[in-house]
Amino acid sequence: MNMDACRSEFRRPLRFFFFSYPALGHMIPLIDIAKLFSRRRGVSCTFVTTPGNEYAVRPAIEGSTVDLILLPFPPEAALGSGMGENASTVPRSQMGRLLSALPALKDPFHDLLRAHRADCVVSDIDSKTMWIDDVALALGIPRILFVIVGVFPATVVETVATLPGAHDESVETLTIEEGIDLPKAELSTFLSNPEIIRAIHEAKRSCFGVVFNTFYDLEAPYVDRYRTNPGSPRRTFCVGPVFLSMSTAAAAAANRGGKIDSTGEECLKWLDSVAAEGSVTYVCFGTQNELGRQQLTGIALGLEASGYPFVWVVKSLAEDVAGWLPEGFEERMEGRGLIIKGWAPQVAILNHRAVGAIVMHCGWNSTLEGISAGLPLVTWPLQFEQFATEKFVTQVLRVGVSACRGARFAEAVREVMGSGGAEMRQRVREYAAKAKEAVQEGGSSYKDVDNLIEEVGKYHAAGKQG
């Protein structure tokens with residue numbers, strides 16, 4: 001039974017509902033997936049979030065057919081007046097309070113899905129939102145699990161506790177696969193917090209299928225292994241890079257995570273003024289990572305020593321810029337560098353002709369956006385699965401180099417930007433071309449979107465619900 005036949009038998013559009021952990025790095029790709037699904041015939045998509053996250057979602061769905069429903073926290077959540085509702089913007093002192101409030105959304109979310117006769121719920125994994133499984137089960141609808149990282153880092157996270165030496169205190173390094181080792185300290189989050197792994201495995205066991213924002217040709221052997229692993233969900237779909245499905249121009253112009261304000265426009269104009277193509281280094285460490293004063297100073301010195309122009313995005317919650325910049329830095333870098341405090345239109349910047357490389361924390365979104373723009377990567381992982389993603393970038397794909405701090409940072413930038421990085425730049429451009437092919441009609445990701453929708457249609461056409 002093909003997709004059209006499934007929809008014909010089901011008689012009405014399939015209603016997909018999307019819910020995300022409240023952080024921009026989770027929300028933005030899931031919004032992109034909702035927009036992607038909504039463009040398929042016979043599908044309606046609704047993104048559900050709390051009122052405090054409307055600022056990020058509303059601009060991002062503008063111009064699409066995705067609906068937005070705001071689901072307020074009930075009084076018992078006790079968030080307090082004026083408290084933020086996004087993990088990317090709330091102070092660390094309030095983070096625990098926000099996360100503890102998430103389970104209070106379970107009953108309102110259940111009632112919302114029932115009232116709207118939802119056919120499928122798509123959500124990511126977090127120990128504070130495991131109740132979504134219970135909601136889907138109670139309503140008899142499929143739950144699609146969105147994994148916010150690639151297949152390679154996801155596999156590392158899911159299997160790290162079973163690796164030889166994982167629980168031996170005398171072992172300092174774990175072998176991920178032949179030729180790829182990781183210091184155990186870099187995986188300590190997952191080794192010392194078994195509830196994280198338990199939440200992942202429970203979600204995988206109960207879900208209808210799992211979706212990755214990746215494309216087959218980027219991770220082919222790991223996708224094949226994941227799909228045939230007895231512990232994996234029966235249905236695995238690779239649908240990325242999802243932002244490319246909107247076309248590069250549309251993705252660059254989209255207000256993904258915020259509206260392009262005067263600062264973003266100033267950045268793009270500044271890049272327009274740079275004469276040399278591929279001469280600018282773009283630096284960004286994500287929406288949830290806070291760098292220390294010493295790290296920030298080291299990056300500044302490294303950028304200066306590299307000799308290349310740069311655009312550097314720092315978190316709005318960072319200390320006052322003047323407090324950690326080396327003395328005289330701004331004067332010396334006038335005309336050569338631009339510092340943006342807060343949010344920046346990253347896809348637009350990465351696809352600008354003047355940008356030649358990205359320095360980043362190995363968050364999956366930034367990694368995929370950099371590769372899809374055909375840019376070599378300078379990697380500086382900070383936490384969680386980012387250390388595994390760095391190995392994937394530098395040792396598996398060989399499209400990036402690692403940098404820690406100081407002189408090595410400047411050396412890494414010069415390596416990817418200079419003549420010595422020619423082969424690396426060629427490799428990443430080939431992956432960029434494959435990324436674009438994957439999302440075109442007939443491509444692997446395009447087909448997997450159709451396959452996912454068809455599977456949900458089959459479920460309902462078989463009389464499981466509605």
Open item on the list: Can you say whether T50 is among the polar types (S, T, N, Q), in contact (Cβ under 8 Å) with a residue 40 or more places away in the chain, surrounded by 14 or more Cβ atoms within 10 Å (Cβ to Cβ) and touching a strand residue (DSSP E or B) at 6+ places or on another chain (Cβ under 8 Å), as far as the supplied structure shows?
Closed with: yes
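How many residues are of a type in the set (G, A, S), at pLDDT below 90 and surrounded by fewer than 22 Cβ atoms within 10 Å (Cβ to Cβ) when one looks only at the stretch 214-248?
Adding up the residues that qualify gives 3.
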- [ ] Starting from residues that are surrounded by 18 or more Cβ atoms within 10 Å (Cβ to Cβ) and at pLDDT below 80, keep the ones in the stretch 290-323 and report whichever is nearest to L350 (Cα to Cα).
- [x] K315
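Each row is one residue, and each column tells you yes or no for (1) touching a Phe, Trp or Tyr at 6+ places or on another chain (Cβ under 6 Å); (2) modelled with pLDDT of 95 or more; (3) part of a helix (DSSP H, G or I).
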site	(1), (2), (3)
R353	no, yes, no
I358	yes, yes, no
C362	no, yes, no
L375	no, yes, no
V378	no, yes, no
Q383	no, no, no
Open item on the list: Please go through (1) farther than 18 Å from V283 by Cβ; (2) of a type in the set (G, A, S); (3) outside any helix (DSSP H, G or I) for A388 and return the number of the only condition it doesn't satisfy.
Closed with: (3)
- [ ] Please go through the stretch 378-397 and pick out each residue that is more than 17 Å from T214 (Cα to Cα) and not polar (S, T, N, Q).
- [x] V378, W380, P381, L382, F384, F387
Task: Residue ID - surrounded by the fewest Cβ atoms within 10 Å (Cβ to Cβ), chosen from residues in the stretch 12-37 that are over 20 Å from the mean Cα position of the chain (by Cα) and not in a strand (DSSP E or B) - done: R12
Task: Positions within the stretch 97-114 being buried (at least 20 other Cβ atoms within 10 Å of the Cβ) and of a type in the set (G, A, S), in sequence order - done: A101
- [ ] Could you give me the residue pairs with C-beta distances under 6 Å whose first residue belongs to the stretch 133-157 and is closer than 12 Å to S206 by Cβ and touching a residue at least 24 places away in the same chain (Cβ under 8 Å), whose second residue is among the polar types (S, T, N, Q) and part of a helix (DSSP H, G or I) wherever it lies, and which are 6+ apart or on separate chains?
- [x] D133/S206
- [ ] Could you tell me whether the stretch 425-441 includes any residue that is among the hydroxyl-bearing types (S, T, Y) and touching a strand residue (DSSP E or B) at 6+ places or on another chain (Cβ under 8 Å)?
- [x] no
Open item on the list: Tell me whether the stretch 103-114 contains one or more residues that are touching a strand residue (DSSP E or B) at 6+ places or on another chain (Cβ under 7 Å) and either outside the structural domain of I132 (by TED's automatic domain parsing) or of a type in the set (K, R) (or both).
Closed with: no
- [ ] Please indicate, with yes or no, whether at least one residue in the stretch 216-228 is among the basic types (K, R), over 17 Å from M130 (Cβ atoms) and over 19 Å from the mean Cα position of the chain (by Cα).
- [x] yes
TODO: Could you pull out the residue among V147, V171 that is among the aliphatic types (A, V, I, L, M) and within 26 Å of G96 (Cα to Cα)?
DONE: V147
Open item on the list: I'd like to check something: does the stretch 79-91 contain any residue that is in contact (Cβ under 8 Å) with a residue 24 or more places away in the chain, surrounded by fewer than 16 Cβ atoms within 10 Å (Cβ to Cβ) and outside any loop (DSSP other than H, G, I, E, B)?
Closed with: no
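The values are calculated or read from the model by the stated rules, or taken from the named source; none is laboratory data. Remember, it's a predicted structure, so these values are computed and weren't measured experimentally. Every residue, glycine among them, receives a Cβ derived from its backbone with ideal geometry; neighbour counts consider all protein chains shown.
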